[in-house]
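Trainee: Dropping the structure in here first, questions after.
The values are calculated or read from the model by the stated rules, or taken from the named source; none is laboratory data. This one's a predicted model, so the numbers in the text were calculated from it and none came from an experiment. Every residue, glycine as well, gets a Cβ built from its backbone with ideal geometry; the counts of neighbours run over all protein chains shown.
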Amino acid sequence: MRTTIELDDDTAAEVQRLRKEQNRGVSEAVNALIRQGMLLQRHPEPFVAQTRNLGIKIDVSNIADALDFLEGPEAR
């Protein structure tokens, strides 16, 4: 596919750096950088929440009641 794009200064500099470093043409350098970005987004690390048993023996289904119990009603 042939198209015309305008590169920002920082991305144009990276294209030029890759061209010189790897002796590539503009299209090859742009495609390589796009592929690198695609790989980063394709396999993100899944978020895993870390949990700990704190031994709390209170009902936290009502946050206001839990805060009153933990901090006292004067904390509001």
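Trainee: Residue under question is L54, and the condition is that it be exposed (fewer than 10 other Cβ atoms within 10 Å of the Cβ), assigned to a helix (DSSP H, G or I) and out of contact with any Lys or Arg (no Cβ under 7 Å at 6 or more places or on another chain); does it hold?
Mentor: no
Trainee: Could you list, in sequence order, all residues of the range 1-15 that are free of Cβ contacts under 8 Å to residues at least 12 places away in the same chain and not aliphatic (A, V, I, L, M)?
Mentor: Passing the criteria: R2, T3, T4, E6, D8, D9, D10.
Trainee: Just checking, which of A32, A49 is surrounded by 11 or more Cβ atoms within 10 Å (Cβ to Cβ), out of contact with any His (no Cβ under 7 Å at 6 or more places or on another chain) and among the hydrophobic types (A, V, I, L, M, F, W, C)?
Mentor: After ruling out the rest, the residue left standing is A32.
Trainee: Hey, another quick one. Have a look at R35, R2 and point out the one that is at pLDDT 85 or above, of a type in the set (K, R) and assigned to a loop (DSSP other than H, G, I, E, B).
Mentor: Only one candidate passes the filter, namely R2.
Trainee: Is there a residue being modelled with pLDDT under 85 and acidic (D, E) anywhere in the range 41-56?
Mentor: Taking every residue of the range 41-56 in turn, at least one turns out to be modelled with pLDDT under 85 and acidic (D, E).
Trainee: On to the next question. Do we find a residue being of a type in the set (K, R), outside any loop (DSSP other than H, G, I, E, B) and modelled with pLDDT under 80 anywhere in the range 15-22?
Mentor: The answer is no; no qualifying residue exists.
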